[in-house]
Each structure stands twice: as structure tokens, then as C-alpha cells.
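Just below is one structure, and these are the notes that go with it.
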Amino acid sequence: MKDLLLTDAGELEISNGDFVAGENYNQQQAMLLVAQEGEFKMTPTIGVGIGDLLLSEELLEYRHKIRDHFKRDNLKVKTLELYEIGKLKIESEPF
């Protein structure tokens with residue numbers, strides 16, 4: 001999906017005084033994982049809140065939550081490996 005790109009610091013990327021657009025699948029995945037539900041105004045039900053996993057041990061719950069929230073954002077999860085805290089691998093593609 002083409003969208004506005006962000007820098008590693010989370011700021012809008014600007015080049016020659018203009019916003020930079022491009023493919024943003026990795027950025028989209030990262031934002032879905034980090035965001036809590038309610039943080040996206042237009043889609044308040046999206047957001048995995050992966051940071052909360054540090055206070056939990058429910059890895060199965062988070063695997064289901066990741067698949068569900070990615071699906072809501074039109075991403076098909078091809079590979080999802082989350083079997084211990086701190087080790088996460090996701091491969092996804094648009095539907």
C-alpha cells in the first residue's frame with residue numbers, strides 16, 4: 001500500500017520540502033503492533049498493544065489478536081512466530 005512514510009523517529013518523512021510517499025507494509029505492521037485500541041481516530045478498534053505483552057504471558061492470545069487486527073487492516077498474515085516474549089516474526093501481505 002502506498003502511503004506517507006515516517007522516519008525511524010516516527011516523524012513524517014520530508015524530502016525537498018514535500019512529504020514522501022511509498023510502500024509502507026513494514027511501517028503499517030509496526031504501527032498496528034505498537035498502537036493500543038483507540039489510538040487511531042478513524043478505526044478505534046485497531047491496535048494490538050504489544051507492549052502489554054511484557055506484563056502478560058498469554059502468547060496464544062496475542063497471536064490471535066495480531067491475526068485479527070491485521071485482518072481488520074486488510075493484511076493477510078502469512079507467517080507469525082510468537083512463542084516466547086521478545087522473539088516475534090511476522091510476514092504479511094495485503095488481501
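Quick notes on this structure:
- For chymotrypsin sites (Phe, Trp or Tyr not before Pro), the sites in segment 1-79 that DSSP calls loop and that have at most 15 other Cβ atoms within 10 Å are Phe40.
- In this structure segment 2-70 gives 68 Å² per residue of accessible area when probed at 1.4 Å with all protein chains present.
- Packing around the peptides 9-18, 84-93, 28-37, taken as the average count of other Cβ atoms within 10 Å per residue, puts them in this order, highest first: 28-37, 84-93, 9-18.
- Between the helical axis of 25-34 and the longest alpha-carbon principal axis of the chain there is an angle of about 50 degrees.
- Partners of Lys65 within straight-line reach, counting aspartates and glutamates whose Cα lies under 19 Å from its Cα and excluding those fewer than 8 residues away in the same chain: Glu37, Glu39, Asp52, Glu57, Asp73, Glu81, Glu84, Glu91, Glu93.
- Carbon + sulfur, % of accessible area of the chain - ligands and nucleic acids excluded, 1.4 Å: 51 percent
- Over all pairs of different C-alpha atoms in the chain, the reciprocal of the mean inverse distance, the Kirkwood hydrodynamic radius, equals 14.3 Å.
- On a per residue basis, the convex hull of the C-alpha atoms belonging to segment 1-46 measures out at 87 Å³.
- Between the helical axis of 59-72 and the longest alpha-carbon principal axis of the chain there is an angle of about 40 degrees.
The values are calculated or read from the model by the stated rules, or taken from the named source; none is laboratory data. What you are looking at is a predicted structure, and each value in this text was computed from that prediction instead of being measured. Positions of Cβ are generated from backbone atoms using ideal geometry, with glycine treated the same way; all protein chains shown enter the neighbour counts. All accessible areas refer to the heavy atoms of the entire protein, side chains included, with ligands and DNA or RNA removed. Shrake-Rupley method; radii C 1.70, N 1.55, O 1.52, S 1.80 Å.
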